[in-house]
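Read the structure below first, then the notes.
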Amino acid sequence: MAKLSMVKAITQSLDQEIKRDEKVLVFGEDVGRNGGVFRATDGLQDANGADRVFDTPLAESGISGLAMGLALEGFRPVPEIQFFGFVFETMDEIAGQISRTGHRMGGSRKMPITIRAPFGGGVHTPELHADSLEGLMAQTPGLRVVIPSGPYDAKGLLASAIRSDDPVVFLEHMKLYRSFKEEVPEESYTVPLDTADVKRAGKDLSIITYGYMVRESLKAAEELAKEGIDVEVLDLRTVSPLDEEAITATVKKTGRAVLVQEAQNQAGVMGQVASVIAEKAILSLEAPIGRVSAPDTPYPFSEAEETWLPNKADIVTKVKEIINY
Amino acid sequence: MKKIDFEQLKHTPETETLSILDETGTIVNEDLVPELTDEQLTELFKQMVWSRVLNERSTKLNRQGRLGFFAPTSGEEASQIGSNFAMTPDDFILPAYRDVPQLVQHGLPLYQAFLWSRGHVDGNKYPDDFQALPPQIIIGAQYVQTAGVALGIKKNAKKTVAYTYTGDGGTSQGDFYEGINFAGAFQAPAVFIVQNNGYAISVPRDKQTAAPALAQKAVAAGIPGIQVDGMDALAVYAATKAARDWAAAGNGPVLIETLTYRYGPHTLSGDDPKRYRTSAEVDDWQRKDPLIRMRKYLTDKGLWTTEKEQAWEEEVNQEINDAIKKTESIAPQKVSDFLKNTFVDTPPTIQAEIAAYTAKESD
């Protein structure tokens with residue numbers, strides 16, 4: 001089995017889905033000849049033709065509107081928003097149009113659209129490239145928000161997203177694109193949506209997280225293990241809707257929870273996770289829920305991002321605090 | 001020293017307004033009179049009368065609390081019906097909220113249009129082969145979607161078009177530019193219709209843009225644009241038919257601006273037009289009324305009589321009576337149904353909510 005980076009796994013998944021279903025279309029800014037600014041669509045136009053993989057004019061609302069129109073004509077669009085910070089330009093088409101079409105039309109039309117976008121901090125981008133805006137999406141009914149934490153999940157989750165008849169926002173953390181490789185089967189496979197995954201089993205405390213923070217949490221868990229603290233790491237994978245069963249199960253198992261997100265603390269995904277725990281597992285808690293998140297400021301200027309982003313050390317500190325409560 | 005003359009650069013060529021049937025019901029442009037049979041001409045006018053009657057009845061039904069949201073259409077019959085009359089049932093319509101008459105003429109049963117007005121989802125449940133979206137509320141959103149439908153039509157090698165409507169205010173939206181520009185870049189079969197009725201609620205057309213004509217906005221997108229007398233059904237029909245055939249033949253999109261007027265308020269939800277326009281202005285436009293000139297034209301041709309119009313109005317009134325009755329017989333909406341339609345593949349969190357609401361609803 002080949003070891004692939006996450007960006008290569010994504011390219012492979014796109015290629016396989018394009019070949020599997022003639023209605024799949026991949027498009028966006030620079031995705032054609034250039035293969036995407038991160039090369040996520042590298043070689044796809046040559047391999048599949050410019051009818052299937054194509055560049056669009058530079059306008060995000062136009063890209064999402066194009067996707068909606070193409071879906072109405074029977075296609076399965078996979079548009080790319082070049083950086084997710086640009087989503088503000090197309091909030092209406094995503095949150096006001098695509099995601100509510102099933103509701104608006106009483107189920108008589110569907111929107112099998114997968115909107116892919118790079119996001120996430122730590123790679124020294126200009127402003128509005130790195131923001132974690134999944135919380136904005138997570139509050140939108142009718143939309144799935146999927147965030148893989150590595151190559152294997154990325155390939156299988158993307159296949160599931162594209163095959164889904166519902167709209168999916170599929171967010172790819174930039175720091176995960178090339179930072180590590182994983183064994184990824186050559187053949188096509190799916191990883192189910194709406195299901196979290198235990199990335200590390202443990203008995204003393206549950207870290208619940210997603211995206212790049214899964215990596216930081218696993219590193220923190222290794223360090224904590226040396227001190228005899230056995231941490232479980234639950235990767236949400238789909239951050240909306242939540243896998244409430246998996247969240248409840250891990251908290252009931254360990255009795256302690258630290259919720260880790262790269263996004264700002266206010267009203268994010270982990271606020272909802274805390275609510276699920278409070279509703280369904282509060283009697284299993286032996287300590288307050290711990291939170292590790294970014295401060296409630298806009299995403300910082302890039303030279304300051306290392307001091308702003310949550311990291312392994314923050315997680316270790318918080319876990320010890322909750323363990324020793 | 002020679003200077004760059006920006007004053008010179010600012011001026012775009014004068015836009016001509018296509019006109020075929022003038023206010024007196026006289027043909028003023030013999031060459032462009034559309035090839036319509038007597039039956040088609042009569043049908044076109046009947047649809048315009050239908051729309052006028054529907055406007056009057058909808059206003060009353062709204063006042064009685066039997067209809068909900070209503071955006072009056074009276075004055076815009078040539079623009080709305082004339083353009084829609086050029087399309088086929090296989091063409092895809094993306095209407096805005098004032099474009100209910102076109103949507104119904106395109107095939108939406110009237111009772112469903114009434115359900116939409118009342119805020120009932122059954123108004124938006126469309127059969128698979130009905131080529132339409134429900135009326136768009138967000139100004140301009142339908143323009144980018146139109147580019148997408150048109151690109152899909154092109155990819156599916158169909159010989160149809162996507163057509164959409166917005167108003168003069170809509171041309172200020174980013175989505176307006178993105179829509180016409182995308183369709184142009186992809187040479188997709190779309191017909192973009194701007195119904196310039198002079199006001200975006202209260203803001204007059206001249207406050208929207210420095211452009212002398214909205215049709216000129218096509219120039220920047222590299223697509224044809226045409227301005228039409230929007231009170232002249234023959235001119236609107238001729239322009240739209242030509243645009244439709246041009247786009248369907250693979251030549252790319254067209255932008256049409258119709259110069260029209262709404263006699264009534266923006267909507268029946270509290271707008272008072274006296275705050276922003278004079279009754280003299282309304283009178284001026286009513287002298288250009290689209291029905292008066294078409295009625296004269298058809299009467300002169302021996303195709304129409306007062307008796308025919310009275311009989312037709314009765315028929316339309318009966319259709320409206322039947323439709324509103326059917327509307328009022330539809331079962332109330334259930335939250336559990338909303339939940340079921342939020343996703344195709346319903347996740348466990350929503351399944352739990354469906355169970356909870358279903359239990360509540362059976363109490």
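The values are calculated or read from the model by the stated rules, or taken from the named source; none is laboratory data. Fair warning: this is a prediction, and the values are worked out from it, not measured in the lab. Ideal geometry is used to build each Cβ from the backbone, glycine not excepted, and the neighbour counts take in all protein chains shown.
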Checklist entry - Got at least one residue in the stretch B:327-338 being closer than 18 Å to A:PRO167 by Cα, in contact with a helix residue (DSSP H, G or I) (Cβ under 7 Å, 6 or more places away or on another chain), touching a residue at least 24 places away in the same chain (Cβ under 8 Å) and outside the structural domain of B:TRP116 (by TED's automatic domain parsing)? => result yes
Checklist entry - Of the residues in the stretch B:296-314, how many are surrounded by 14 or more Cβ atoms within 10 Å (Cβ to Cβ) and either out of contact with any Phe, Trp or Tyr (no Cβ under 6 Å at 6 or more places or on another chain) or more than 20 Å from B:GLU76 (Cα to Cα) (or both)? => result 9
Item to check | Restricting the stretch A:220-250 to residues that are hydroxyl-bearing (Ser, Thr, Tyr) and assigned to a strand (DSSP E or B), the residue that is surrounded by the fewest Cβ atoms within 10 Å (Cβ to Cβ) | outcome: A:SER240
Item to check | Single residue of the stretch A:198-212 satisfying the filter (surrounded by fewer than 24 Cβ atoms within 10 Å (Cβ to Cβ) and part of a strand (DSSP E or B)) that is farthest from the other protein chains (Cβ to nearest Cβ) | outcome: A:ARG200
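Here is a yes/no grid of residues against (1) of a type in the set (S, T, N, Q); (2) in a strand (DSSP E or B):
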{"site": "A:LYS252", "(1), (2)": "no, no"}
{"site": "A:GLN272", "(1), (2)": "yes, no"}
{"site": "A:VAL292", "(1), (2)": "no, yes"}
{"site": "A:PRO300", "(1), (2)": "no, no"}
{"site": "A:LYS320", "(1), (2)": "no, no"}
Checklist entry - If you check B:ASN341, B:ASN317, B:ASN321, which single one turns out to be within 24 Å of A:PRO192 (Cβ to Cβ) and either within 13 Å of chain A (Cβ to nearest Cβ) or in a helix (DSSP H, G or I) (or both)? => result B:ASN341
Item to check | Odd one out for A:GLY211 among (1) in contact with a strand residue (DSSP E or B) (Cβ under 8 Å, 6 or more places away or on another chain); (2) at pLDDT below 95 | outcome: (2)
Next on the checklist: Which condition from (1) surrounded by fewer than 20 Cβ atoms within 10 Å (Cβ to Cβ); (2) closer than 25 Å to A:MET137 by Cα; (3) away from chain B (no Cβ under 14 Å) is the one that A:THR195 breaks?
Outcome noted: (3)
Next on the checklist: Condition first: in a helix (DSSP H, G or I), of a type outside the set (Asp, Glu) and closer than 20 Å to A:TYR325 by Cα. Can you find one or more residues in the stretch A:255-265 that meet it?
Outcome noted: no
Checklist entry - Could you list, in sequence order, the residues of the stretch B:255-303 that are of a type in the set (Val, Ile, Thr) and either within 20 Å of B:PRO72 (Cβ to Cβ) or modelled with pLDDT under 95 (or both)? => result B:THR258, B:THR260, B:THR267, B:THR278, B:VAL282, B:ILE292
Checklist entry - Are there any pairs with C-beta distances below 7 angstrom linking a residue in the stretch B:219-231 that is assigned to a helix (DSSP H, G or I) to a residue that is surrounded by 24 or more Cβ atoms within 10 Å (Cβ to Cβ), with the two at least 6 apart or on different chains, and if so which? => result B:ALA221/B:ILE180
Checklist entry - Across the stretch B:324-335, which residue is surrounded by the most Cβ atoms within 10 Å (Cβ to Cβ) among those that are of a type outside the set (S, T, N, Q) and either out of contact with any Asp or Glu (no Cβ under 6 Å at 6 or more places or on another chain) or part of a helix (DSSP H, G or I) (or both)? => result B:ILE324
Checklist entry - Can you pull out the residues in the stretch A:104-116 that are more than 11 Å from every other protein chain (Cβ to nearest Cβ) and of a type in the set (D, E, K, R)? => result A:ARG116
Next on the checklist: Residue under question is B:ALA323, and the condition is that it be of a type in the set (Gly, Ala, Ser) and not assigned by TED's automatic domain parsing to the domain that holds B:ARG118; does it hold?
Outcome noted: no
Item to check | Residues that are surrounded by fewer than 23 Cβ atoms within 10 Å (Cβ to Cβ) and at the interface with chain B (Cβ under 8 Å from one of its Cβ atoms), drawn from the stretch A:90-103 | outcome: A:ASP92, A:GLY96, A:HIS103
Checklist entry - Would the stretch B:355-363 turn up any residue that is over 28 Å from the mean Cα position of the chain (by Cα) and surrounded by 14 or more Cβ atoms within 10 Å (Cβ to Cβ)? => result yes
Checklist entry - Across the stretch B:12-24, which residue is nearest to B:ALA215 (Cα to Cα) among those that are modelled with pLDDT under 90 and surrounded by 10 or more Cβ atoms within 10 Å (Cβ to Cβ)? => result B:THR15
Next on the checklist: Based on this model, can you work out whether B:TYR126 counts as of a type in the set (Phe, Trp, Tyr), assigned to a loop (DSSP other than H, G, I, E, B) and assigned by TED's automatic domain parsing to the domain that holds B:ILE93?
Outcome noted: yes
Checklist entry - Given the structure, is B:THR358 closer than 23 Å to A:HIS103 by Cβ and either within 13 Å of another protein chain (Cβ to nearest Cβ) or assigned to a helix (DSSP H, G or I) (or both)? => result yes
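For (1) at pLDDT 95 or above; (2) hydroxyl-bearing (Ser, Thr, Tyr); (3) at positive phi; (4) part of a loop (DSSP other than H, G, I, E, B), each residue gets a yes or a no:
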site	(1), (2), (3), (4)
A:LEU4	yes, no, no, no
A:GLN12	yes, no, no, no
A:ASP15	yes, no, no, no
A:VAL26	yes, no, no, no
A:GLY35	yes, no, yes, yes
A:ALA40	yes, no, no, yes
A:ASP51	yes, no, no, yes
A:ILE63	yes, no, no, no
A:ALA67	yes, no, no, no
Next on the checklist: Can you go through A:GLU186, A:GLU182 and tell me which one is within 19 Å of A:VAL7 (Cα to Cα), surrounded by fewer than 16 Cβ atoms within 10 Å (Cβ to Cβ) and over 16 Å from the mean Cα position of the chain (by Cα)?
Outcome noted: A:GLU186
Checklist outcome for this item: B:ARG287 fails exactly one of (1) among the basic types (Lys, Arg); (2) in contact (Cβ under 8 Å) with a residue 40 or more places away in the chain; (3) surrounded by 14 or more Cβ atoms within 10 Å (Cβ to Cβ), namely (3)
Checklist outcome for this item: In the stretch B:15-57, anything assigned to a loop (DSSP other than H, G, I, E, B), of a type in the set (D, E, K, R) and without any contact (Cβ under 8 Å) to a residue 40 or more places away in the chain is listed as B:GLU35
Checklist outcome for this item: Checking A:PRO151, A:PRO167 in turn, the sole residue that is modelled with pLDDT of 95 or more, more than 22 Å from A:GLN264 (Cα to Cα) and more than 14 Å from chain B (Cβ to nearest Cβ) turns out to be A:PRO151
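Residues are listed down the side, and each one gets a yes or a no for (1) away from every other protein chain (no Cβ under 11 Å); (2) of a type outside the set (Ser, Thr, Tyr); (3) in contact (Cβ under 8 Å) with a residue 40 or more places away in the chain:
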{"residue": "B:ILE93", "(1), (2), (3)": "yes, yes, yes"}
{"residue": "B:LEU115", "(1), (2), (3)": "no, yes, yes"}
{"residue": "B:PHE130", "(1), (2), (3)": "no, yes, no"}
{"residue": "B:GLN136", "(1), (2), (3)": "no, yes, yes"}
{"residue": "B:ASN156", "(1), (2), (3)": "no, yes, no"}
{"residue": "B:GLY169", "(1), (2), (3)": "yes, yes, no"}
{"residue": "B:ALA190", "(1), (2), (3)": "no, yes, yes"}
Next on the checklist: Could you check the stretch A:63-84 and list, in sequence order, the residues that are in contact with a Pro (Cβ under 9 Å, 6 or more places away or on another chain), over 20 Å from B:GLN173 (Cβ atoms) and more than 9 Å from chain B (Cβ to nearest Cβ)?
Outcome noted: A:ARG76, A:GLU80, A:GLN82, A:PHE83, A:PHE84
